1. For Pro142, are the conditions met, namely being surrounded by fewer than 19 Cβ atoms within 10 Å (Cβ to Cβ) and in contact with a helix residue (DSSP H, G or I) (Cβ under 6 Å, 6 or more places away or on another chain)?
2. Against the condition open to solvent by 70 Å² or more (accessible area, probe 1.4 Å), out of contact with any His (no Cβ under 9 Å at 6 or more places or on another chain) and in contact (Cβ under 8 Å) with a residue 60 or more places away in the chain, how does Leu125 come out, does it pass?
3. Inside the range 153-201, can you point out the residues that are among the charged types (D, E, K, R) and part of a loop (DSSP other than H, G, I, E, B)?
4. May I ask you to verify whether Leu150 is surrounded by fewer than 14 Cβ atoms within 10 Å (Cβ to Cβ) and among the aliphatic types (A, V, I, L, M)?
5. What is the number of the single condition among (1) within 19 Å of Arg80 (Cβ to Cβ); (2) open to solvent by 20 Å² or more (accessible area, probe 1.4 Å) that Glu161 does not meet?
6. I need the strands (runs of 3 or more DSSP E) fully contained in the range 66-122, keeping only those with at least 1 residues that are open to solvent by 10 Å² or more (accessible area, probe 1.4 Å) and in contact with a strand residue (DSSP E or B) (Cβ under 9 Å, 6 or more places away or on another chain).
7. Please tell me if Pro74 is in contact with a helix residue (DSSP H, G or I) (Cβ under 8 Å, 6 or more places away or on another chain) and modelled with pLDDT of 95 or more.
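The values are calculated or read from the model by the stated rules, or taken from the named source; none is laboratory data. Since the structure is predicted, the reported quantities are computational estimates derived from the model, not experimental observations. All Cβ positions, even for glycine, are placed from backbone atoms using ideal geometry, and neighbour counts span all protein chains on display. Areas reflect the complete protein model, heavy atoms only, side chains present, ligands, DNA and RNA absent. Shrake-Rupley method; radii C 1.70, N 1.55, O 1.52, S 1.80 Å.
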Amino acid sequence: VLKLNAPDVLNALSGEMVRELSVAVSEATHTEQVRCLLLTGVGRGFCAGANLQGSASSESAEPAGSVLETHYAPLMNKLRNLPFPMVTAVNGVAAGVGMSLALVGDIVIAAESAYFLQAFVNIGLVPDGGATWVLPKAAGIPAAMEAMLLGERILAERAYELGMVNRCVEDEALMDEARALAERLANGPTVAMGQIRRLVRNAQSQSLSDAMNAEAEAQRIAGNSEDFVEGVQAFLGKREAAFKGR
């Protein structure tokens, strides 16, 4: 479980927070015991985007494009390429890059009070942090264009209707449901799950032939796993499989 913890600014991301989060994701990726990632925020917000305080006036501030290349792109790529499933529990506002962080999850659960916002246009910027890749895939091009061009809030229930999130639950139930789902995924055949998330994401820009070739390679990887052997034995023995993520 990773929690964004700057509640006084609704978990708006500073450069230091992005670096810390990136390190934490790398550590989780290389820790054998970790088989699912659950990302959420502390307090009333999930993530209000980048912390812009002083960025427009500070002479020492990095140019926006440089920050994207050095901070956000590596983090988003790490999350996209996780070898196991990722759940995001959106407990409040998810704006800007915070929206990208929320929607990069494989399964997204939102509290009823949460909302999503692409407000870049309101300050004369373009959506970033992977938003132009993540949002159209989650909600479709018409809804993504509306969100990005108008810069208006998308309430959690509307996000659910658009297919941006998998579930919209009462605020009090958010973390219990998210944890239960993450634990279910973590107890599954995470070698196969890691391949599934890679296949599905890559297939969106592939031909059918290329996608099927990728499936064959992924099937060879999954078929050589201990979990495949356990799954078959459990099926034949009419018992529940005890997967180990290997």
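1. no
2. yes
3. Arg153, Glu170
4. Values: surrounded by fewer than 14 Cβ atoms within 10 Å (Cβ to Cβ): yes; among the aliphatic types (A, V, I, L, M): yes.
So Leu150 fits the description; yes.
5. Status for Glu161: all satisfied but (1).
6. Passing ranges, in order: 93-95, 107-111, 115-117.
7. Criteria not met by Pro74.
Residue-by-condition table, conditions (1) at pLDDT 95 or above; (2) of a type in the set (Val, Ile, Thr); (3) closer than 16 Å to Ala102 by Cβ:
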| site | (1), (2), (3) |
| --- | --- |
| Leu149 | yes, no, no |
| Met164 | no, no, yes |
| Cys168 | yes, no, yes |
| Ala178 | yes, no, yes |
| Glu183 | yes, no, no |
